[in-house]
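Below is one structure; the comments refer to it alone.
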Amino acid sequence: MIDILDAPDHVFAVRFVGALTGNDFDLMKREIEARIARHGRVGVAADLTELSGLTPQALLKDLRYNIEKLGHWDQFPREAVITQRSWIAAVTEAVHPFVPKVEVRAFRPEQRDEAIAWAGDFLPGAA
């Protein structure tokens, strides 16, 4: 299940609860693409503290969407990952140098508001 969090319109802030399903992924994609259509670029804040996994369908849809977005990563200037798991934070920070045009940063659960603010701290529409 996903819970879309309050955030500025140029930020897609989401909390995952349980296992992410294909239907959850479809809803996320619609929300993200609508924000891109309105603003050109979208910050993302993903709260993974209650995520327990992904269904195979969600995983395939996620991979397909990431392939579609190759060459368009500038549409996501900042991505905040909220987690209490140190290994996820470490992977997040390690991946950052390999994702062109995207700043990626890990935050602790108590920093969720800061993560959402950070994800939106860019000029919408400006690439």
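Worth a mention:
- Per-residue ³J(HN,Hα) for the stretch 56-67, Karplus 6.51 cos²θ - 1.76 cosθ + 1.60, θ = phi - 60°, Hz, x for Gly and Pro: x, 4, 5, 4, 5, 5, 5, 4, 4, 5, 5, 5
- On full extension, the segment bounded by A34 and R108 gains 23.8 nm, given 0.36 nm per residue less the C-alpha separation.
- With the convex hull drawn over the C-alpha atoms of the stretch 67-127, the volume per residue is 82 Å³.
- Listed residues T21, T55, T83, most fluctuating in the chain (Gaussian network, C-alpha, under 10 Å): T55
- Set of aspartates and glutamates near K61 by C-alpha distance (under 20 Å), chain-local residues within fewer than 8 positions excluded: D3, D24, D26, E31, E33, D47, E79
- Largest mean-square fluctuation among A58, A94, A46, in a Gaussian network model of the chain whose springs join Cα atoms under 10 Å apart, belongs to A94.
- A simple spin-label model places pseudo-atoms 7 Å from Cα toward Cβ; at A19 and D121 they are separated by 3.8 nm.
- Along the stretch 71-87 the Karplus relation, 6.51 cos²θ - 1.76 cosθ + 1.60 evaluated at θ = phi - 60°, assigns HN-Hα couplings of x, 10, 5, 5, 6, 10, x, 9, 10, 9, 10, 9, 7, 9, 8, 5, 5 Hz to successive residues, with x for each Gly and Pro.
- Computed on the stretch 4-72, the Cα convex hull volume stands at 81 Å³ per residue.
- Computed Rg/Rh of the stretch 3-120, alpha carbon atoms with Kirkwood Rh: 0.93
- Partners for K101 among lysines (Cα-Cα distance below 16 Å; same-chain residues under 8 apart left out): K69
- Comparing R108, R15, R64 in a Gaussian network model of the chain, where Cα atoms under 10 Å apart are tied by springs, the biggest mean-square fluctuation is seen for R64.
Computed from the coordinates by the stated procedures, all read-outs in this text should not be read as laboratory data. Worth saying up front: this structure is predicted, and the values here are computed from it rather than measured. Quick reminder, even Gly has a Cβ in these numbers, built from the backbone with ideal geometry, and neighbours come from all protein chains shown.
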